[in-house]
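First up is the structure itself, then whatever we jot down about it.
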Amino acid sequence: MLWYLVDTVTGLLYLTFAFLITFINCHFSSTVDSIRRVARCRKYRKACKDCVIVFSRYPRAGTTKTRLIPALGQEGAAYCQLLMSDHILDKVSEFVSDNSLPGGCQVEVQYKSGSPEEMAYWLGRRQRRTPGLVWAEQAEGDLGHKMRTAVLRKFKQGHENVVIIGGDIPGITKNEIQEAFTKLRGNNNMVLGKAEDGGYYLVGFNRTATKHLSNIFNDIDWGTSRVYQQQSEKAKVCGVDLGTLSTVLSDVDTESELVEFEKEVGMKMSEVKEGTWSIVIPVLNEANGIGKTLTSIVQNCSDVTNIKEVLICDGGSTDNTGDVIREFGRTSPINIRLIHSPPGRGFQLRSGANEARSEYVMFIHGDSILPQNYNEAAFRCLRKPGVIAGAFRFGLDLVQNKDVSPEHRPLRTKLYWLEKYVEWRCGNPAELPFGDQGLFMRREVYNKSGGYPKLYLMEDYILVQNLKDAGHVGSADCGPLTTSSRRWQMRGFIKNTATNHFFITCYKFGVHPNTLAKWYYGDKLKTQ
């Protein structure tokens, strides 16, 4: 009895310590990182002599890309705008990273219809890769007044060359931006990039053109096919030295121009309207639970045609897991693919992702039960500006099942508070979901993040950290993904929870995941 009491008290003390470490890591380190990033951004922007301004709009359904609503619907049109904007900002970031302009280059997104808080959520984490990135609301008035105001403000801040590009030109690359700045640093003090519809996708000025800005945008019939011609003639009348870019590009405003979007962004319109999913599941001796997981995939999705395939990655099961999967696949309306992989969740998840053929990929465990309409909730989550990946709420079967035996009720109470803690941990500012909550994202995002590392432990944690460098990890607005409570029943609530935090803490202090795996699995690892 005495040893049990000592063990319990010791476990509680360590659990308290682990929670404290996690809290400090989630809140304090994130605040310090934000302060450092802001200081670095300010220092970088102060040195910049060149600036790229992206004219865009916060992608809000019903107010964005309204001419695309008949083809894509309100949500689809807004999502199309979001994907284009992110794609263009990626290209601008490539230019900023690769260019050799002295002093560096600031990037500013001038937006309409969004709030400062919404813009900060959308673009804030991009500052980690593009330290010169800022955002500001567009001036009131017609397009000419907006551009004039933007350029003059940048000159007033000390910039020498300012280039404005549209937020709906998915074909633009760093080459066009580089050509524009080269001309402005040479013999031209104004530059234009012609659009296929008769407008222009880029306009830029050197500081020497300041005296002409009061008249340069006057008497232009904005929104017509005469804009480029009128702007060129106006430049000649004003006496500026106009340079034109060698590439003609297309903007995306109408349904017929969506072909350009598909070619440059690499996503079909059907995937913009309603995404199709590849679901990846690692298994090892899951014969007792995999059938329930597969049943939830079929029964709880809103439309089975949205689930293109289920990829089950077996790490060498010695029970009849394979037989259960094959039997389920014979009658399943969804394609079930069994893949053999080296053991270890990191290896198995990576193998499944490499085989995925859908635009969107979801990773869950072999003892997980998906919530109702999980596919729609996950898709909605990824459509939020700033979110590049998502997870479900955390749920445990002993908590979600109201009818539990009396002997399990004390554990159920403890697990209830564990669910609440994980819900906090997954939300802002931490955004650190457990693997038991599932992860979902676009396949392109997964590939850019480096994917799951080939490790036996910490694979989910490492992937999430890499994802957070590029954007937010959101939470699906549906019921929880329910997982088995067996680990907490077998090891005890305190021991299992404390162990999880212990390994995260050790990893944060530099212990290699392979070493942690040896501690966690012991002799079991030698047989894998």
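The values are calculated or read from the model by the stated rules, or taken from the named source; none is laboratory data. All of these numbers come straight from a predicted model, not from anything done at the bench. No Cβ is skipped: glycine too gets one built from the backbone with ideal geometry, and neighbour counts run over all protein chains shown.
Structure notes:
- The residues of region 174-196 that are more than 32 Å from the chain's Cα centre (by Cα) and either part of a loop (DSSP other than H, G, I, E, B) or β-branched (Val, Ile, Thr) (or both), listed by number, are THR182, ARG185, GLY186, ASN187, ASN188, ASN189, VAL191.
- Flag for SER278 being of a type in the set (Gly, Ala, Ser), closer than 30 Å to LEU89 by Cα and at pLDDT 95 or above: yes
- Region 197-215, residues that are in a helix (DSSP H, G or I) and among the β-branched types (Val, Ile, Thr): THR208, THR210
- Residue tally, condition basic (Lys, Arg) and at pLDDT below 95, over region 173-210: 2
- For region 125-165, taking the residues that are assigned to a helix (DSSP H, G or I) and without any contact (Cβ under 8 Å) to a residue 24 or more places away in the chain, the one that is surrounded by the fewest Cβ atoms within 10 Å (Cβ to Cβ) is identified as LYS156.
- On inspection, ALA120 passes the criterion of being under 15 Å from the mean Cα position of the chain (by Cα) and either modelled with pLDDT of 95 or more or surrounded by fewer than 18 Cβ atoms within 10 Å (Cβ to Cβ) (or both).
- Residue match in region 508-527 (condition: of a type outside the set (Gly, Ala, Ser), modelled with pLDDT under 90 and in contact with a strand residue (DSSP E or B) (Cβ under 6 Å, 6 or more places away or on another chain)): no
- Within region 187-246, considering residues that are in contact with a strand residue (DSSP E or B) (Cβ under 8 Å, 6 or more places away or on another chain), among the basic types (Lys, Arg) and surrounded by fewer than 18 Cβ atoms within 10 Å (Cβ to Cβ), the one nearest to SER56 (Cα to Cα): ARG207
- In region 83-100, residue nearest to ALA470 (Cα to Cα) [restricted to those that are buried (at least 18 other Cβ atoms within 10 Å of the Cβ) and out of contact with any Lys or Arg (no Cβ under 7 Å at 6 or more places or on another chain)]: ASP86
- For the condition in contact with a helix residue (DSSP H, G or I) (Cβ under 7 Å, 6 or more places away or on another chain) and of a type in the set (S, T, N, Q), THR130 qualifies.
- The single residue among ASP168, ASP221 that is acidic (Asp, Glu) and either over 27 Å from the mean Cα position of the chain (by Cα) or part of a strand (DSSP E or B) (or both) turns out to be ASP221.
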